[in-house]
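Remarks on the structure that follows.
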Amino acid sequence: MIPLLFVIAMVIATVGLGIWATKASKTASDFFVAGRSVNVFWNASAISGEYLSAASFMGIAGLVMKHGYDALWYPVGYALGYLFLLLFIAGPLRRFGAYTIPDFAEGRFDSPLFRKIAVIYVLAIGFFYTMPQMKGAGVTMSTIMGWPYWVGIAVVGGVITFNVSLGGMKGITLVQAFQYWAKAFAIAIPFFVLGSIYNGYTGSLHDVASNPSDVPRFSGNKTLKFFGKDKAPANALTFSPVAITRVTFEKEASISAISLSRKSEPGEDAAPPQAMVMRRDDTGATTQIPIPSPVGIIIPAGSTLTVTPFAATKSGVAVMKGRTAITIAPKIEFATPTEVSFRQGDPTPNSQNNKKWIEPYGTLTGKYGYPLLYTYSLIIALVCGTAGLPHILVRFYTNPDGRSAKRTTFWVMILLGLFYVFTPMWGALGRVHIPELLANNKTDTVVIALPRMLENKLLGEILSGITAAGAFAAFMSTFSGLLVSMSGAFAHDIYGKIINPAASPMARLRAFQIAAVAVGIVSMLLGLLVEQFDIALLVGWAFAIAAASYFPLLLLGAWWRGLTMPGAAAGMLVGGTASLLAIITYMALDKKALVWDVSPLTKALLEQPAIWGVPLSLTIMVIVSVITARAVPKDINLKMLRLHAPEELGLSKNYIEG
């Protein structure tokens, strides 16, 4: 109940601030770009509040808990992207003075057609980015109240849709600035309290480093709920190769697949019969389960499964990796939801040993055997994607001028760095003190679940309430920015520029409000589809799409006078669409909606397409622009002056006044 009260307080504060700020929203300029009057401090706070999404507040801690310090590339990339913005994009973009990024696309090339192409990617990136926000809302409410996943989605989606439709950009600027400081407080203060109780961050790291071959172990007897195959891959239980694990099934379970944690190499011996043994409580009889096993095995309620790791062998000879014999454990996938009990001291399933967790190139970047390729592709996606997110870029139009836009970017880097100090430390504490989240794939909830493990239940509920309120601030601030960006695309770019160019400012405002409601509903429906995916991975995919579509356009459009509309359009369409299709294909493979047999390299390139998507987009833009050099706008020199000349020269003017 206490966490719910904190969440309600955050929602009331958000709605109250939004309604109060709405009184200042009177014109189209107020709704779309906050009247171009937001000062550096408030805009830096608002951008940071909007940028620190569910991936930042919950997802990074969850990824670090699951995969270790491989996941540190996420906060590093998120923050580093603003350096690119500072150096190459923030100033020129503001000097151009549009309402939306499609405005820039049309104005830079004098092409209404290109506006239509650019709008497509605003919506594609925006809808992709709303999904992890909705997942964060669903799992937060499920953790603190035990409500169904969809309830949190409905609550957050409804509140923010209402707030945005009331006040547009000006109405949410103050709200998002407040939410940054609320999130900074919620991530830092509870950590200091928990660190003093749980032997601190360095103490947790020492526990991990001093036992490199061990894995997290259950601190007590635990009963956990597991998903069915409709939530694949979150329905999998990969047992530890370190020691024997005994699990008791509290409810009848249907197993859809039994396999090995590692794909067998050609010539390897089959798993020994004793690797998986089931004992039935009602009869006391034991049954050896073969691996791999036929589909459709039923494990009766009350049965105990004993899982024993074994050495990989070829003709009875151990398979070695260096000087170490390879040990394998079974993996089961549930067909239907069930409950499973684990014993104190047993190794936690779905976890790697401490050495892999604390070193680079572990289970995140090294899962396909190409860790450097995965790492570089992830860095490119996060850095370039930050500089290509429409809902972030539109905020620079709210600054009075280009110089203040650059100062805003500098302060955003500082504010983000301050916040990201804490998220990986939460993941480290969680792995040591609440490892059961690894077993049932709920690591995204670590910042909310960890405080509730305290012996002092009242203190634990208060701290959990603070982090839950911070999580809600994360969903709400980012979702607000996404709604403004996508609603602006519908109202300003599609309705006001394509469908009804003669629309009055008031007609566009009504279109904005209608679009906000429609986009909010669609976003909530999309959130229902991604419950089984890690929040940070979902956001990383949105960044990869932005990196291959908008980043090349903004970089070359601002700095290369030779870029033409056919070149920019071809690069965006090919690079952005190919990246989007690659990610959707990977998601379908991961959910087993597609059963293609693809190589590990192909999977790596599908999951992290930025390493080929960004160069592809840039290359096509350059080649096609050279071929269509006659299509360079005749006033390109004046346009470049508008983008780069100091404001004192009087050459910069708003593409859209108001």
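At pLDDT below 90, among the basic types (Lys, Arg) and in a helix (DSSP H, G or I): does that describe Lys170? Yes: the conditions hold for Lys170.
Okay, residues lined up against (1) crowded, with 22+ Cβ neighbours inside 10 Å; (2) part of a loop (DSSP other than H, G, I, E, B):
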{"position": "Ala544", "(1), (2)": "yes, no"}
{"position": "Ser549", "(1), (2)": "yes, no"}
{"position": "Leu555", "(1), (2)": "no, no"}
{"position": "Gly562", "(1), (2)": "no, yes"}
{"position": "Leu581", "(1), (2)": "no, no"}
{"position": "Val595", "(1), (2)": "no, yes"}
{"position": "Leu616", "(1), (2)": "no, no"}
{"position": "Thr619", "(1), (2)": "no, no"}
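Going by the structure shown, is Met476 closer than 24 Å to Leu393 by Cβ and not in a loop (DSSP other than H, G, I, E, B)? Answer is yes for this residue. Restricted to segment 196-282, the set of strands (runs of 3 or more DSSP E) holding at least 3 residues that are among the small types (Gly, Ala, Ser) and surrounded by 15 or more Cβ atoms within 10 Å (Cβ to Cβ) comprises 253-260.
Residues being of a type in the set (Val, Ile, Thr) and at pLDDT below 80: count how many of those fall in segment 90-131.
Count: 2.
Considering segment 92-135, the residues that are surrounded by fewer than 22 Cβ atoms within 10 Å (Cβ to Cβ) and β-branched (Val, Ile, Thr) include one that is farthest from the chain's Cα centre (by Cα), namely Ile117.
Note on segment 318-334: residues that are more than 17 Å from Asp269 (Cα to Cα) and among the hydroxyl-bearing types (Ser, Thr, Tyr) amount to 1.
In the same structural domain as Ile244 (by TED's automatic domain parsing), without any contact (Cβ under 8 Å) to a residue 24 or more places away in the chain, touching a Lys or Arg at 6+ places or on another chain (Cβ under 7 Å) and among the hydroxyl-bearing types (Ser, Thr, Tyr) - does that describe any residue in segment 286-307? Yes, some residue in segment 286-307 is in the same structural domain as Ile244 (by TED's automatic domain parsing), without any contact (Cβ under 8 Å) to a residue 24 or more places away in the chain, touching a Lys or Arg at 6+ places or on another chain (Cβ under 7 Å) and among the hydroxyl-bearing types (Ser, Thr, Tyr). Scanning segment 321-335 for residues that are in contact (Cβ under 8 Å) with a residue 24 or more places away in the chain and of a type outside the set (S, T, N, Q) yields Ile326, Ile328, Ala329, Pro330, Lys331, Ile332, Glu333, Phe334, Ala335.
Which members of segment 408-421 meet the condition of being crowded, with 20+ Cβ neighbours inside 10 Å and farther than 14 Å from Tyr78 by Cβ? Can you show your working first?
Keep residues of segment 408-421 that are crowded, with 20+ Cβ neighbours inside 10 Å, which gives 408-409, 412, 415-416, 419.
Thr408, the sole residue that qualifies.
Of all residues in segment 177-196, those that are polar (S, T, N, Q) have Cβ atoms under 8 Å from Cβ atoms of residues that are assigned to a helix (DSSP H, G or I), 6 or more apart or on another chain, in Gln179/Thr14; Gln179/Gly49; Gln179/Ala473; Gln179/Ala474; Gln179/Met476; Gln179/Ser477. Scanning segment 505-542 for residues that are surrounded by fewer than 22 Cβ atoms within 10 Å (Cβ to Cβ) and of a type in the set (Asp, Glu) yields one hit, Glu531. The residue of segment 569-579 that is surrounded by the fewest Cβ atoms within 10 Å (Cβ to Cβ), among those that are touching a Pro at 6+ places or on another chain (Cβ under 8 Å) and of a type in the set (A, V, I, L, M, F, W, C), is Ala578. Per the conditions (1) closer than 30 Å to Asp214 by Cβ; (2) surrounded by fewer than 24 Cβ atoms within 10 Å (Cβ to Cβ); (3) not basic (Lys, Arg), the sole criterion not satisfied by Ile462 is (1).
Kindly check whether there is at least one residue in segment 50-57 that is within 28 Å of Gly366 (Cβ to Cβ), modelled with pLDDT under 85, in the same structural domain as Asp444 (by TED's automatic domain parsing) and in a helix (DSSP H, G or I). The answer is yes, given that some residue of segment 50-57 is within 28 Å of Gly366 (Cβ to Cβ), modelled with pLDDT under 85, in the same structural domain as Asp444 (by TED's automatic domain parsing) and in a helix (DSSP H, G or I).
Those strands (runs of 3 or more DSSP E) of segment 294-407 in which at least 3 residues are not β-branched (Val, Ile, Thr), considering only elements entirely within it, cover 330-334, 338-342. Which ones in segment 256-285 are in contact (Cβ under 8 Å) with a residue 12 or more places away in the chain and more than 28 Å from Ala318 (Cα to Cα)? Those that are in contact (Cβ under 8 Å) with a residue 12 or more places away in the chain and more than 28 Å from Ala318 (Cα to Cα): Ser256, Arg279, Arg280, Asp281, Asp282.
Within segment 217-230, identify whether any single residue is touching a Pro at 6+ places or on another chain (Cβ under 6 Å), under 27 Å from Tyr69 (Cβ atoms) and not assigned by TED's automatic domain parsing to the domain that holds Pro292, and answer yes or no. Yes, that holds for at least one residue. Of all residues in segment 430-465 being in a helix (DSSP H, G or I) and of a type in the set (D, E, K, R), which is nearest to the chain's Cα centre (by Cα)? Within segment 430-465, the match that is nearest to the chain's Cα centre (by Cα) is Asp444.
The values are calculated or read from the model by the stated rules, or taken from the named source; none is laboratory data. Computed from a predicted structure; not experimentally measured. Note that we place each Cβ from the backbone using ideal geometry, even for glycine, and neighbour counts take in every protein chain shown.
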